[in-house]
Structure formats: C-alpha cells, structure tokens
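Only one structure is covered here, and it is reproduced in the block below.
Taken together, the values in this text are just the output of simple stated rules run on the coordinates, not laboratory data. Since the structure is predicted, the reported quantities are computational estimates derived from the model, not experimental observations. Positions of Cβ are backbone-derived with ideal geometry, glycine not excepted, and every protein chain shown enters the neighbour counts.
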Amino acid sequence: MNQTITQNAVTVTALTMKFDAKTVFHDLNFELKQGSMTALLGPNGTGKTTLINILMGMFPATAGSYTFAPGIKLGYVPQFRNLDAEYPLSIRSFMELNGPLFKSAEFKAEVNHELIETHLDSIQHIRMGEASGGQKQRAYLAQALLDKPNMVILDEATASLDPVAKEELMGLIKHLNEKHQITVLFVTHDVPLAKKYMKEYLYLNRGQLTQGKMTTFTEVYE
C-alpha cells in the first residue's frame with residue numbers, strides 16, 4: 001500500500017479559539033489524509049478563515065494543537081482580488097515576485113513549467129491588470145506552486161469567478177491532486193462545486209465540526 005496516501009497530512013486535536021469573551025469554535029478534532037480532497041464548509045462567521053489562519057501559523061489557537069506530517073509544505077491561493085486595470089506586472093513577472101532577486105536558469109525553467117501546468121504559457125506576457133478573473137486566479141495558483149507545496153489551501157478561491165473560470169481552476173486542482181498527490185483543503189460556500197470535485201468535507205457551524213464523505217453532505221445554509 002502507498003503510505004504517502006494513507007497517512008495523515010495534518011492532525012487537529014481539541015482545537016479551541018476565543019476572541020475575548022467570544023468562542024469561535026471549541027474542541028475541534030479532525031484528520032486530513034495525505035492526497036485527500038476536502039471541502040471546508042459552513043455559514044459565514046463560523047470561523048473557517050480563523051481555522052485556516054491557525055493552520056497557516058498566522059496566529060495561535062487558544063487551546064489544543066495541530067500537527068503536520070514531516071515534509072508537508074503548504075501553498076495558499078487566496079480569494080479573488082481584482083487588481084487595478086493599470087497594474088503593470090505581466091503574469092510571468094507576478095509569478096516571479098516571491099522568487100530570488102537573481103533568476104537562475106533552474107528557477108526560470110520552473111516558472112516555465114508552472115505556466116504550462118496552469119495553462120498560462122500562451123498569455124504569460126499580458127499584464128495582470130488586463131487578465132480575466134480566472135486567469136488571475138490561475139496566476140495565484142501558479143505562484144503558489146513555485147514553492148513546490150504538497151498541500152494547497154484554497155481560501156474561497158472560486159468566489160466571484162464565472163462558471164467557466166471556476167471549472168477551469170477546479171479542473172487544475174483535480175489534476176494536481178491526481179498527478180502529484182497534492183492534498184487539497186478547499187474553503188467554499190459553493191456546495192455543488194465541492195460535491196463535484198471534493199471527496200471529503202469538514203462542516204463548521206455553531207462552534208462545532210463534523211466530517212464525512214462529500215457525497216453524503218446534506219446541510220443547507222446560506
């Protein structure tokens with residue numbers, strides 16, 4: 001059996017978060033297997049973004065713990081942010097922002113590879129300000145992939161995209177999972193999209209969390 005698929009990517013134990021007197025969530029326990037595809041669902045204001053920020057080390061939890069497997073490297077794709085039409089950097093230059101000051105041949109080759117993987121190679125020289133929403137989101141994904149993560153968090157990454165752009169982005173995510181066994185945690189309100197592409201779910205509501213197979217998810221919420 002391929003152990004890289006069956007062992008946990010992250011284990012969360014008794015995780016609790018409070019802000020002053022407000023308890024955001026209490027005693028969360030879950031595991032995400034390496035190579036899994038999981039949707040993080042729940043109404044607005046239930047703490048999904050807070051949970052993601054804790055897992056990414058942005059701030060500490062009030063109580064409890066989380067542990068990533070050795071070798072897990074996180075990538076992050078944010079919610080759609082509409083850059084100004086005059087934003088000057090090309091898609092390629094935007095991807096290279098987090099790279100070294102002096103671009104080695106190896107780094108340039110990796111950029112070329114991710115441009116191809118995310119279907120941006122033919123438009124790499126257009127300005128990000130002129131790119132469509134879907135193209136911008138794929139550029140954010142490509143930028144994240146340059147760090148060679150083996151787990152990717154998509155934080156409402158399909159929100160505000162048109163249906164075609166959503167399908168293209170999620171098709172890429174599915175490809176990365178199947179070809180490279182990248183573990184995916186997809187924060188979303190789009191339950192039909194999650195049912196189409198994700199295998200598991202985490203449902204966070206009223207400070208509590210449930211976990212199961214995406215095909216069995218039946219909650220209705222705004």
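When +1 charges are put on Lys and Arg Cβ atoms and -1 charges on Asp and Glu Cβ atoms, the dipole computed for the range 81-148 relative to its Cα centre reaches about 60 debye. Measuring how big the range 81-148 is from its alpha-carbon positions, Rg and Dmax come out at 11.1, 31 Å. Site-free segments of the chain were taken between chymotrypsin sites (Phe, Trp or Tyr not before Pro) in DSSP loops having at most 14 other Cβ atoms within 10 Å, sites themselves excluded; the longest one is 103-220.
Taking amide hydrogens as placed 1.01 Å from N in the peptide plane, the amide H of Val152 sits under 5 Å from those of Gly75, Thr183, Val184, Leu185, each at least 5 positions away in sequence or on another chain. For the chain, the membrane-span-like helix rule (DSSP H, alpha carbon extent of at least 15 Å along the helix axis, mean Kyte-Doolittle at least -1.0) picks out 105-117, 133-145, 163-180; this says nothing about an actual membrane. As an exercise, identify the trypsin sites (Lys or Arg not before Pro) in the range 40-109 lying in DSSP coil whose Cβ has no more than 14 other Cβ atoms within 10 Å. Passing both the DSSP loop test and the Cβ count: Lys73, Arg81, Lys103.
Of the residues Ala165, Ala21, Ala69, the one that moves most in a GNM of the chain with alpha-carbon contacts below 10 Å is Ala21. When you filter the GluC sites (Glu not before Pro) in the range 15-119 for DSSP loop state and at most 15 other Cβ atoms inside 10 Å of their Cβ, you are left with Glu86.
Quick check on the chain: of the DSSP beta bridges with both residues there, what percent are antiparallel, nearest 5%? Within the chain, antiparallel bridges account for around 55 percent of the total.
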